[in-house]
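Below is one structure; the comments refer to it alone.
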Amino acid sequence: MPTLLRHPARVRADTLCRLLAEAAGMLDARSWRVLELRHALGHSGPEVARQLGMTRQRVEQVEQRAIATVRRRSGLTAGVV
């Protein structure tokens, strides 16, 4: 499965949905919302900070911790995701 992520064109919609659902179950609501705003909706760090009432630095910390959590719990490496 992780090798599919090296080639995004090969990832089927159902596979991507499953991976996202698994990731959502690994994170608290705030971490998931930060990732959703930053990566799914394309908001900038300052925009996310404003929307969630956080500092830009805190958004970056939450984002990096969330990504690390998903990688660690799913067995993916930094080069894959």
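The values are calculated or read from the model by the stated rules, or taken from the named source; none is laboratory data. Predicted model only: the values in this text are computed from it and were never measured. All Cβ positions, even for glycine, are placed from backbone atoms using ideal geometry, and neighbour counts span all protein chains on display.
Observations, loosely collected:
- Search result, residues across the stretch 37-46 that are surrounded by fewer than 18 Cβ atoms within 10 Å (Cβ to Cβ) and either more than 17 Å from the chain's Cα centre (by Cα) or not in a loop (DSSP other than H, G, I, E, B) (or both): 39, 40, 46
Per-residue answers, yes or no, for (1) modelled with pLDDT of 75 or more; (2) outside any loop (DSSP other than H, G, I, E, B); (3) exposed (fewer than 12 other Cβ atoms within 10 Å of the Cβ); (4) more than 12 Å from the chain's Cα centre (by Cα):
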position: 5; (1), (2), (3), (4): no, yes, no, yes
position: 9; (1), (2), (3), (4): no, yes, yes, yes
position: 21; (1), (2), (3), (4): yes, yes, yes, no
position: 34; (1), (2), (3), (4): yes, yes, no, no
position: 48; (1), (2), (3), (4): yes, yes, no, yes
position: 51; (1), (2), (3), (4): yes, yes, no, yes
position: 54; (1), (2), (3), (4): yes, no, no, yes
position: 61; (1), (2), (3), (4): yes, yes, no, yes
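- Here residue 54 does not fit the description of being out of contact with any strand residue (DSSP E or B) (no Cβ under 7 Å at 6 or more places or on another chain), in contact (Cβ under 8 Å) with a residue 24 or more places away in the chain, on the phi < 0 side of the Ramachandran plot and not aromatic (Phe, Trp, Tyr).
- Restricting attention to the stretch 63-81 and to residues that are farther than 14 Å from residue 19 by Cα and over 13 Å from the mean Cα position of the chain (by Cα), the residue that is modelled with the lowest pLDDT turns out to be 79.
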